[in-house]
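Everything on this sheet refers to the single structure shown next.
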Amino acid sequence: MSEHGMGASVRRKEDYRFLTGNGHYLDDMVRPRQTFACFVRSPHAHAKIRGIDTSSAASAPGVIGIFTGKDLEADGVGPLICGWGITDKNGEPHKAPAHPALATDEVRHVGDQLAVVIAETLEQARDGAELVSVDYEELPAVVLPKNAMDASSPLVHADVPNNLCYDWELGDKAATEAAFSNAAHVTSIDIVNNRLVPNAIEPRAAIGEYDAGSENLTLYTTSQNPHVARLVLSAFNGIAPEHKLRVIAPDVGGGFGSKIFIYAEETVCLWAARKVRRPVKWTASRSEAFQTDAHGRDHVTHAELAMDADGKFLGLRVNTIANMGAYLSTFATCVPSYLYATLLAGQYTTPAIYCDVQAVFTNTTPVDALRGAGRPEATYVIERLVETAAKETGVAPSELRRRNMVAADAYPYQTPVIMQYDCGNYGASLDEAMRIADHTGFAARKAEAQSRGKLRGIGFSAYIEACGIAPSAAVGSLGAGVGLWEAGQIRFNPTGNVTVFTGSHSHGQGHETTFAQIISERLGVPFENIDVVHGDTDKVMFGMGTYGSRSAAVGGSALVKAADKIIEKGRKIAAHILEASEDDIEFANGNFTVAGTDKAMNIGEVAFAAYVPHNYPEGLEPGLNETAVYDPLNFSFPAGTHICEVEIDPDTGAVEIVNYTAVDDFGTVINPMIVAGQVQGGVAHGVGQALHEGCNYDENGQLITGSFMDYSMPRADNTPSVDIGYTSVPSPSNPLGVKGCGEAGAIAAPAATINAVVDALWDLGVHDIAMPATAHKIWQSIRAAKAAA
Amino acid sequence: MYDFEYQRPASLADAITALKSAEDGKLLAGGHTLIPTLKQRLARPSDLIDLSGIAELRGIKSEGGTITVGATTSHAEVTESDAVKSAIPALAELAGMIGDPQVRHCGTIGGSIANNDPAADYPGALLGLGATIVTDSREITADDFFLGLFETALEETEIITAVKFPVPQAANYQKFAQPASRFSLVGAFVAKTGGGVRVAITGAGQEGVFRVPEMEAALSANFSPDAISGITVSDSNLNTDIHASAEYRAHLIGVMVGSRGYRLRVSLPKGRQCASCRQAPLPCSGATFQRSRVPVAGRRVRYRITAYPCQDSPFSVSVRPNAPDGPPTPARFPGSRPAFPQPVPAG
Ligand SMILES: Cc1cc2nc3c(=O)[nH]c(=O)nc-3n(C[C@H](O)[C@H](O)[C@H](O)COP(=O)(O)OP(=O)(O)OC[C@H]3O[C@@H](n4cnc5c(N)ncnc54)[C@H](O)[C@@H]3O)c2cc1C
């Protein structure tokens, strides 16, 4: 292994600048003559806007402009869009109520924005916003997804009956019913997948800027996918034609999905920059982030598993009500449908699966993709069901899983829910996880804990996810409004160093390091001579951005293809200069060599020759730059087994995670240190969902958990130090063999953790516990079970 | 934040004058409660009078069985003070459980008690130890000082100058933290003094910190956890919120008061080796350790020791289990790709 090639734990290039305060985050940027925006937001969950009086705000010191939804309308600014069309059970498209960037007639959730005040300073903008007086007529609100479809519930949108966005299904209903009628045992569960707030460390921010001379607009924004933002802002919001609009996403401090979407504030800042002819800047406060970043999860599910007498799974039936919030965020519709139900086979050979999903509107913040997006919800359904089934039938949880896993020689494996798994070895991950977790020693540890008055439990989560999103034709057929290929470009400079451009976007993932490793390995260029550029639509060719653990699998693959083109062109140049036939030129470790001789040219020399083409092949273009676009052949399917072991203090209900093992199959691993970081972070996220995080509204739609004082983020001391292992079956669906690792922890950990908690409490009579399983909730469950016993 | 005048007097006398002459003046100590309030525009004082320039308000003195802590002494100074640690270790430990290092280095005892947040920790210590609050004009006993939610006996323009703690025979503070804010959900301060045992509960009460006379009587008769095992605290004046019901708080009071004190548990991974030098078992020769408190652990405070193996392994996750097959070989690309880590053949 070279020091900086594939498989090396190279320290992250970007960390020096992040750790020394030299990153370029949006709020650090100061544009000449910049102004500040403050949004006027609804304090009510649901209200009619009778009138907006901006007169006293308009004369407040420093106020430059005040705009409402009427001004956007007058300028022809289109509403915010949802980019994935779902066809419901009856063949009808999903309901897509209007989503104006600034609300005009009604506000529909606390924090819904209806006006913007632009001023010389941030404090003046806030003063101005306080002076905007809004005449609200409060309306009743619907908050809980399970109530949304009730006839008695108020309508979030008058034109959406029953608050039903879509009623959608997947799978063979008749075959599934038949499987249930033949079952020897049926296990059923009712579960809630708790609503989460994304809480990226850097809040969303934007600066819109207008250049009167060129009529170009620039949006600096905290985006995971700047090109998609440009496309939507041009084609749908109509703010500027694509070629007159530049979107720059500089260093971005985390996203977890919440920065995929095209939000109101960014749209308004960009549009307003042209109105006031000065840059307009907005940075979300943490309170605004809680109220307006698209939330995640929020499912209510009833699920049933049918088994034969040997514990073989015969059928799975799932009904889910998914909360969309007050409006459809950019990709909201696909999350509880195609990113969810298509994974319900899990690692198992369940032959018949039927899932129906009712997506509903409520007077809450919009809900969209959050780390894992749909796949954590699917894993939670399956793995809670399987664990419960094991308990009910008395088969060991590992054994029940093993009996039903897709066999290692069964690939490609077609599931009954669209996905075709390309490769895997699920039994191997299960074995390895049990070995690392010392599963055989558990009984002794449990007994020892008991002697100290503690309850110990162990829980499995055998997860699968679909990453490397995604083959364009496949997602197109399922309703996506975009293709999901990725672009990459390699530019050699005349002096032999390299600038790499990728359409994916790094906001914590470490692309500047891993992509440089790929190129260093592939082209033999020293790692330090490679720079990776991303996040600027004027620099990088159109690309699709980063989400769904796709960057290495799709973006990395595009770079591999571009590198192959560089080698092909370099071969021609080297052959010419070395006076050999192209066929005799071999390329390895950065050197073009004439086979069987010591005649060689380094790729740096070839690059120089390409830019100073004095002695150069006839007809060949000078320069050494290559571009490639990669559209994957299939999703990739990372999978594995996580095992969580907890100890509960029955006196207080406090849970401690005493061991956590993650064995993942991510295919080829480019940088083990970065992958370990992703696993650790993902598990923190998943444990957070299982034990700590929960977004709560009261019955009037007020956000109770609107700050870190009440929204419980997992902290370092809540986070287990994960014992990491790998089993690796390289993906055949991309040239790197990678599968993606950014979401696995968040997908696997909730089920592993809750299964462990329930295992600890099972004998007391507690057979389910809702997430987040706080000490309080556990204590209450123990008490309730004792009272019932 | 709205505009205000900022003043930084150098003496207590100047501070008093400034406060009395300001239209709507507010004292600024550590700012860790006040500044967030201002930033959210929930308060609009005309003047901020910063106490940090007044040397006489800061510092810790130990004399004649009393520990005197100046009003602007930070939580960190109390935690680290040898005088406090030797005389009232429970007080030093309590200060060390407040917030995080940043908060502890800014927040002050005067600011904490003047604010009287019902979930704050210090009120428990003051009431539990029977401390005396000294102001620019008088002395107030803790029993008379804390009046209710965010309410104290302080006059509008009164300045706390110090808190005097009588040294007890024994004391203990047990904190069950609210999971999000990590203020106390239930904090129990138990002190054995010459005049009997005092039990003060913070975090739980609808009216802020309070004493539990039944427990005090039982513990004064028999200073052992068993003494209170039969006593249940009524939940009728306790808080209910999304984090805990009154019932749960009432139960936790029993658990926290009945605690037998601290234990230090060191949990090093057993039989594991450093991923870098493969030296088994840990700790390897190059390892460094970090001790972190696990504060929500109910009856006991636990410390987690994280081992950071030598070189190149910044993550404690690289403490990997013994792998019988030697160090993993990283993948090579292109070629036959013996992938990192050990590949499992597909099919
Ligand atoms: C993230 C975070 C976590 C925290 N966690 C905890 C915790 O776990 N437990 C806990 O107990 N607290 C916690 N706190 C609160 C912290 O201890 C505060 O610092 C403290 O409550 C207020 O002290 P201060 O010096 O910052 O006061 P300031 O914010 O400066 O002032 C608070 C109030 O007291 C008044 N005041 C200040 N000094 C005096 C004086 N000498 N005389 C009269 N009035 C005065 C001020 O006018 C103001 O009204 C936390 C705070 C933060 C920000």
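Distance between the C-alpha centres of region B:1-59 and region A:208-233: 44 Å, rounded to the whole angstrom.
Look at the stretch A:679-687: the mean tally of other chain Cβ atoms within 10 Å of its residues' Cβ atoms is 1. Cross-link reach is defined here as a Cα-Cα straight distance under 25 Å, omitting same-chain residues fewer than 8 places apart; for A:Lys786 the lysines meeting it are A:Lys391, A:Lys446, A:Lys454, A:Lys777.
Using a cutoff of 8 angstrom between alpha carbon atoms and counting only pairs six or more residues apart, the relative contact order for region A:485-630 works out to 33 percent. Net charge of the neighbourhood of A:Ile191, taken over other residues with C-beta under 11 Å away and scored Lys/Arg +1, Asp/Glu -1, is -3.
Take each residue of peptide A:717-730, count the partner chain Cβ atoms within 10 Å of its Cβ, and average: the result is 6.
From the alpha carbon centroid of region A:497-556 to that of region A:361-395 is 33 Å.
Within the same chain, lysines fewer than 8 places from B:Lys85 are excluded, and of the rest, those with a Cα less than 21 Å from its Cα are B:Lys61, B:Lys164, B:Lys175, B:Lys192. Using a cut-off of 10 Å between beta-carbons, work out the net charge of the residues near B:Ser74 (Lys and Arg +1, Asp and Glu -1, B:Ser74 not included). Surrounding charge for B:Ser74 is 0.
Per-residue mean of foreign Cβ neighbours for A:6-17 is 3 (Cβ atoms of other chains, 10 Å radius). Report summary: the helix-based calculation at 222 nm, which adds -39500 (n - 2.57) for every DSSP H run with n ≥ 4 and divides by the residues of chain A, gives -8000 deg cm²/dmol.
Taking packing as the residue-averaged number of other Cβ atoms within 10 angstrom, the listed peptides A:198-211, A:354-367, B:123-136, A:137-150 run from highest to lowest as A:354-367, B:123-136, A:198-211, A:137-150. Cross-link partners among lysines for A:Lys539, C-alpha distance below 29 Å, same-chain residues fewer than 8 apart left out? Cross-link targets: A:Lys13, A:Lys244, A:Lys259, A:Lys275, A:Lys281, A:Lys561, A:Lys565, A:Lys569, A:Lys572, A:Lys739. Per the Debye formula with a single identical scatterer at each Cα and no solvent contribution, what log10 I(q)/I(0) holds for region B:58-257 at q = 0.09 Å⁻¹? Each listed q corresponds, in turn, to -0.30. Kirkwood-type hydrodynamic radius, chain A: 27.6 Å, calculated from all non-identical alpha-carbon pairs. Taking other residues whose beta carbon is less than 11 angstrom from the beta carbon of A:Leu344, and scoring Lys, Arg as +1 and Asp, Glu as -1, yields +1. In plain terms, if you count all Cα to Cα distances in region A:679-752 and split them into 10 Å steps from zero, the share in each step is 18, 35, 26, 14, 7, 0 percent.
Here, each number is a calculation from the coordinates, and none is a lab measurement. Note that this is a predicted model, so its numbers are computed, not measured. Counting neighbours? That spans all protein chains shown, and the Cβs are built from the backbone with ideal geometry, glycine included.
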